[in-house]
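The values are calculated or read from the model by the stated rules, or taken from the named source; none is laboratory data. Owing to the predicted nature of the structure, the values given are computational and were not obtained by experimental measurement. Note that we place each Cβ from the backbone using ideal geometry, even for glycine, and neighbour counts take in every protein chain shown.
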Amino acid sequence: MKIKQTSVMVDEQDKALKLYEDTQTLLARAGAILILLGLLTGGYVSSAMTGALPVDAGAALASHLNAILGGFWIFAVAWSVPRLGYGPTGARRLAWLVIVPNFANWFVTAIKAGWKVKGIAAIGEWKNDAIFGLLIALVVIPSLAAAGAWVWGLFRRRT
C-alpha cells in the first residue's frame, strides 16, 4: 500500500514539474518571438529616421526597445519559475500576465509612432486618447500587476 502512495506522489510531482517546464518553455518562446519582433522593428526605426516612412522616429525607436527589453523581462520570469511560491497554475497565470502587456507595449507603441501622438494623457483627440487608453489598459495596469505578482511569488513559500 505504501508503494502505491509513493508512486502516486511521484507521479504528481512529475506532473507538476512538467507543468513548470511547460511554463518556462512558453515564456522562453514568447521572449524569443518578442526579441525577434523588436529586431525586425529596427527596420521600421531606420525608415522613420531617414524619412522613408512618415512616422515618429522616437516612438518607433521606443517600440523597438520595448520589444527587446520586454523579451528580457520575459526571460527573467522564465528563469525564476522554479523559484516562485506559486503552483503550476499560478505560474502559468503569471506567465500570461507578463507576456500580454509586453507584446501590447511593442504593438501599441508602433501604432503610436504611425499616428504621431504622445498617448501619455487624454487630451480630447481620439487617436491620442485611444493610444492612452490602450496603454493604460493593456500595458501599464497589467505590467504593474505582473511585477507585483512576480515579486510576491519570489518571496512566497510554495505549500
Residues located in segment 129-159, provided they are more than 19 Å from Trp106 (Cβ to Cβ), buried (at least 18 other Cβ atoms within 10 Å of the Cβ) and either without any contact (Cβ under 8 Å) to a residue 60 or more places away in the chain or hydrophobic (A, V, I, L, M, F, W, C) (or both): Ala149, Trp150
Members of segment 85-108 that are among the aliphatic types (A, V, I, L, M) and closer than 18 Å to Leu144 by Cβ: Leu94, Ala95, Leu97, Val98, Ile99, Val100, Ala104, Val108
Lone qualifier among Lys18, Lys116, Lys112 - being at pLDDT below 95 and out of contact with any Phe, Trp or Tyr (no Cβ under 6 Å at 6 or more places or on another chain): Lys18
